[in-house]
Amino acid sequence: MEKHNNINADGTKRTLSNRHVQMIALGGTIGTGLFLGASTSIKKTGPSIILVYIIIGAFFFLMMRGIGEMLYQDPSQHTFIAFISRYLGDRTGYFAGWTYWIGLVCVGMAELTATANYVQFWLPHAPGWLIQIIFLVILTAVNLIAVRLFGEAEFWFSTIKIIAILAMIATGFFLLFSHFKTPTGTVTMTNVTSNFTLFPNGANNFIGAFPMVFFAFLGMEFIGITTAETKNPHHVLPKAINEIIVRILIFYIGALFVIMLIYPWRSLSTTQSPFVQVFSLVGLRAAAAVINFVVLTSSVSALNSMIYSSGRHFFQLAIESHSPFMRRFKKISTHGVPAFAILISTGCVLLSPLLSVLPGVSNAFSLIASATSDLYLIVYALTIIAHYRYRHSADFLPNGFLMPMYKVVDPLLIIFFGVVYLSLFFDPSNRIPALLGIVWCVVFGFFASKEKSTVPHANATAVNQKTV
């Protein structure tokens, strides 16, 4: 039945296939954090950075199992935030939904700015604001036409990134087995293992690497946002979640290992992509241009996913709201997408071109963007609490896609999110955004506890009501 019923009750269409979902999850996670930011992570703690990736990757996988279990039970939901509303209350869902949506918009603005910067590598005199508008219009059109077109675009964007990573991994092992000599010495395992210590630059730097790696994994939850528009989700969802973490760890750990294998990690520059440094070292003169193309693709991919995700989250906010203003955003277009919700999200991202010509405002925005990224930790923690409540609710599906040992894993995940948040204070550049995140929770949390738009009116239909 599920295989043939490809139109949801709300009018959205199930047209994403397994290959789309796999690549959307990979594309949303593997991005500039690896292609540009890996040098900084490696410099902080050396080869032990691989251990940090394994630890955080494992916790992300467990979080995805919790989200996957709830979505398996109710694959009609467009976002995991719906479960926070259902099991923790409408006002908690209101807080989490708006917090996550604002975070997505800020991420989209940051990625749009980065996209313009990468294009200016080839077109240095082109105005950044114009480049941003062109890319935003094109990607918005892709998302408005059909969800399958979004899936196809994301599939090919992700494929380019994966080819670049596999090329570097293959190059690294070829150089290792051929005992290739670079200007810094022979490619050898001793570049990784020589004088290995867990804290080469002190425990503070090791702990300080956790937020950097954590934020490199952000976007893995996009796999859950696609569930409502995926063909046969009961088959695709478990397969995608179980396979995605292995692939991501291979790509991340494989890439990091090869970077340190070829290039002595203490000699890496934090101002240049490690991919550019490695390919330049082995004689690829066009390394900077090739990697710039890859990171441009990566940024466009992240922006594409953000438009998709923010549109679905705003659509969910509209569904849960009884405000007259939000009513228009509940509509689904003839193409089966929440067009108005997508347009308001991209409309907010349009602030980015304005910020790009106002340096003072741009610096303030960077601070706000960092703070909203920190708030993802709060939303993730609320999601896991919702999962625990789900396990004790009448909705629980005992033969579903179960998270193993949830009584132990759920509390561990919440502790883990708390530890990562505390680790933000070990890095001076993260302290102000972390404090702003706490201020947001207190101020907006108080406002959310008083707001009334999620409280159903007497004549509201039962279809939009959520019960705890």
Query - Given charges at beta-carbon only (K, R positive; D, E negative), |dipole| of the chain in Debye - result: 180
Requested in this report: Label segment 230-272 by shape, choosing from rounded, prolate and oblate, from the square roots a ≥ b ≥ c of the eigenvalues of the Cα gyration tensor; if a/c is under 1.5 it is rounded, and otherwise prolate applies when a/b is larger than b/c, oblate when it is not.
Outcome: prolate
Report summary line: The size of the Cβ-based charge dipole (Lys, Arg +1; Asp, Glu -1) of segment 191-306 about the Cα centre, to the nearest 20 debye, is 220
Query raised in the report: Using θ = phi - 60° and the Karplus form 6.51 cos²θ - 1.76 cosθ + 1.60, what ³J(HN,Hα) does each residue of segment 213-218 get, whole Hz, x for Gly and Pro?
Result: 6, 4, 6, 5, 8, 4
**Report entry** Burial ranking of peptide ranges 278-286, 253-261 (average Cβ count within 10 Å, highest at the top)
**Finding:** 253-261, 278-286
Query raised in the report: Dividing the Cα radius of gyration by the Kirkwood radius, what Rg/Rh value follows for the chain?
Result: 0.96
Query raised in the report: At 222 nm, what helix-only mean residue ellipticity would the chain give, in deg cm²/dmol to the nearest 500, using -39500 (n - 2.57) for each DSSP H run of four or more?
Result: -23000 deg cm²/dmol
Report task. With a 10 Å radius around each residue's Cβ, average the other Cβ atoms per peptide and rank 184-191, 131-138, 301-308, highest first. Result -> 301-308, 131-138, 184-191
Report task. Would you mind pulling out the separation of the Cα centroids of segment 30-57 and segment 263-321, in Å? Result -> 14
Query - For peptides 108-114, 194-200, 412-418, sequence by mean Cβ density within 10 Å, most packed first - result: 108-114, 412-418, 194-200
Report summary line: Final fewest-first order of 429, 352 on the 10 Å Cβ neighbour count is 429, 352
Query - Which of 234, 20 has the fewest Cβ neighbours within 10 Å, and the rest in rising order - result: 234, 20
Query raised in the report: Stokes-Einstein at 10 °C, 1.306 mPa s, Kirkwood radius from Cα pairs: D for segment 120-271 in µm² s⁻¹?
Result: 82
**Report entry** Largest-first principal axis extents, alpha carbons of segment 143-196, Å
**Finding:** 54, 24, 17
Query raised in the report: Which angle between 0 and 90 degrees, to the nearest 10, do you get for helix 406-423 versus the longest principal axis of the chain when only C-alpha atoms count?
Result: 60
Report task. Tabulate in residue order the Karplus-calculated ³J(HN,Hα) for segment 237-253, using 6.51 cos²θ - 1.76 cosθ + 1.60 with θ = phi - 60°, rounded to whole Hz; enter x for Gly and Pro. Result -> 4, x, 4, 5, 5, 5, 8, 5, 5, 5, 5, 5, 5, 5, 5, 5, 5
Requested in this report: Order by neighbour count: 244, 163, 262, 169, fewest other Cβ atoms within 10 Å first, most last.
Outcome: 163, 169, 244, 262
Query - Note, ³J(HN,Hα) from phi for segment 133-141, Karplus 6.51, -1.76, 1.60, rounded to Hz, x at Gly and Pro - result: 5, 4, 5, 5, 5, 4, 6, 5, 4
Report summary line: Taking a ≥ b ≥ c as the square roots of the eigenvalues of the Cα gyration tensor, with a/c under 1.5 meaning rounded and otherwise prolate when a/b exceeds b/c and oblate if not, segment 190-245 is prolate
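Read-outs throughout are calculated quantities, based only on the coordinates presented, and are distinct from any laboratory measurement. The structure displayed is predicted, hence computed values, not measured ones. Note: ideal-geometry Cβ built from the backbone for every residue, glycine included; neighbour counts use all protein chains shown.
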